[in-house]
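The values are calculated or read from the model by the stated rules, or taken from the named source; none is laboratory data. Everything numeric in this text was worked out from a predicted model, so none of it was measured. We place every Cβ from the backbone using ideal geometry, glycine too, and count neighbours over all the protein chains shown. Note: accessible area is taken over every heavy atom of the protein model, side chains too, but ligands, DNA and RNA are not part of it. Shrake-Rupley method; radii C 1.70, N 1.55, O 1.52, S 1.80 Å.
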Amino acid sequence: MDVFPLQIPGFMVVGTDTDVGKTFVSAAIARQLTAEGVRTGVYKPACSGSVADESTGQPCWQDVELLRQAIGATELPTERICPQTFHAPLAPPVAAEKEGRQIDETLLLEGVRWWESQVEFLIVEGVGGVLCPLSSQQLIVDFAEKLQYPLLIVARAGLGTINHSLLTIEVLQQRGLTIAGLILNDVDPELSDESRLSNAEQIQKWTSVPVLSFVPFDWQSNLLRYQTQDRIDWRQLSQDLL
Ligand SMILES: Nc1ncnc2c1ncn2[C@@H]1O[C@H](COP(=O)(O)OP(=O)(O)OP(=O)(O)O)[C@@H](O)[C@H]1O
Ligand SMILES: C[C@H](N)[C@H](N)CCCCCC(=O)O
Ligand SMILES: [Mg+2]
């Protein structure tokens, strides 16, 4: 596998599934770094599933809009954040095919390299879970392997997450990738789902990958470190993993 290391530090935010909160978490981290004065970039190699813009009615991609807002780059063209966008809410190569297109493999990497000369720190969001196809040639985990960024895994808090989290960790470890930690996100709080109270402890029993944070439902602030509730120093964390 060819690697494609960048000259700037960053994280790749991957998920145990689609809709687990990768964008929510990526945006929170990018917002915090930007507020701390760190010139921060955001990138998503491909994005599928457009929605109509509320004011113009034109198609737009919510992930791109939220990532753009997080770094306050209102004028930045969509292509800089995500060079390949597709309308259907399907895995990117499937969505591309519906439009008679194909994922451009070169652009996936060229798009991320552009940020190198622009910012000090980069947050890259994955697509779906780690074994989601990114193109007809590669899965998200293959792209992660090329990028060589430490990984933040976002997992949905709730029943089933122990299995999804451990499966994801196992796949990433088999590839020899560096995992910075797991973030449990209370994306859809079912008050009756008492498993959320023990998810972190259980995951911690079976893996040495740290649960970095538990993000409460509708949390609008910086992510806090699990248990201590301390501020997370994202730059320091990425340095510690070098
Ligand atoms: N902690 C949270 N509290 C409330 N809502 C949340 C939280 N995290 C995520 N959400 C909401 O859940 C939905 C899915 O989150 P998000 O879009 O971040 O998932 P994703 O993993 O990025 O999905 P995709 O695979 O499409 O990129 C969104 O509507 C988002 O606003
Ligand atoms: C449309 C959706 N929100 C994502 N952008 C794409 C998720 C693809 C998941 C494919 C799969 O693993 O089955
Ligand atoms: Mg997303």
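How long is the gain from R175 to E110 if the chain were fully straight, where each residue apart is worth 0.36 nm and the alpha carbon distance is subtracted?
That pair, R175 and E110, stretches by 21.1 nm at full extension.
When the accessible area of the stretch 10-240 is computed with all protein chains present and a 1.4 Å probe, what percentage of it is carbon and sulfur?
About 47 percent, which is the carbon plus sulfur part of the accessible surface.
Could you check the spin-label model distance between L6 and L131? Points 7 Å from the Cα along Cα→Cβ, value in nm.
Between L6 and L131, the label points sit 2.7 nm apart.
Using Cα atoms only, what is the angle between the long axis of helix 105-114 and the major principal axis of the chain, expressed in degrees (0 to 90) to the nearest 10?
So the helix axis and the longest Cα principal axis differ by about 80 degrees.
Where does the chain land at 222 nm, in deg cm²/dmol rounded to the nearest 500, when only DSSP H runs of n ≥ 4 count, each adding -39500 (n - 2.57), divided by all residues?
Counting only the DSSP helices, I get -9500 deg cm²/dmol.
How would you order 161-173, 142-154, 221-233, 103-115 from highest to lowest mean count of nearby Cβ atoms within 10 Å?
142-154, 161-173, 103-115, 221-233
For the stretch 10-240, give me the percentage of DSSP beta bridges that are antiparallel, rounded to the nearest 5 percent.
Around 15 percent antiparallel, to the nearest 5.
If packing is taken as the mean number of other Cβ atoms within 10 Å per residue, what is the order of 195-205, 18-28, 35-45, highest first?
Highest to lowest by the protection proxy: 18-28, 35-45, 195-205.
With a ≥ b ≥ c taken as the square roots of the eigenvalues of the C-alpha gyration tensor of the stretch 72-173, please select rounded if a/c is under 1.5 and otherwise prolate if a/b is larger than b/c or oblate if it is not?
Here the stretch 72-173 falls in the oblate category.
If you take the beta carbon distance between Q239 and E54 as r and set R0 to 41 Å, what does 1/(1 + (r/R0)^6) give as a FRET efficiency, to the nearest 0.05?
That gives a FRET efficiency of 0.55.
Could you tell me the ratio Rg/Rh of the chain? Both radii from Cα atoms, Rh via Kirkwood.
Ratio of gyration radius to Kirkwood radius for the chain: 0.94.
Cα centroids of the stretch 142-164 and the stretch 1-79: how far apart, whole angstrom?
Their Cα centres are 16 Å away from one another.
Springs between alpha-carbon pairs under 10 angstrom, Gaussian network model over the chain: which of A155, A96, A73 fluctuates most?
Sorting by GNM fluctuation, first place goes to A73.
What does the extension gain come out to for E194 and Q102, with contour length at 0.36 nm per residue minus their alpha carbon separation?
Full extension from E194 to Q102 adds 28.8 nm.
In the neighborhood of I183, defined by Cβ-to-Cβ distances under 12 Å, what is the net charge if each Lys or Arg adds +1 and each Asp or Glu adds -1?
Once all neighbours under 12 Å are counted, the net charge is +2.
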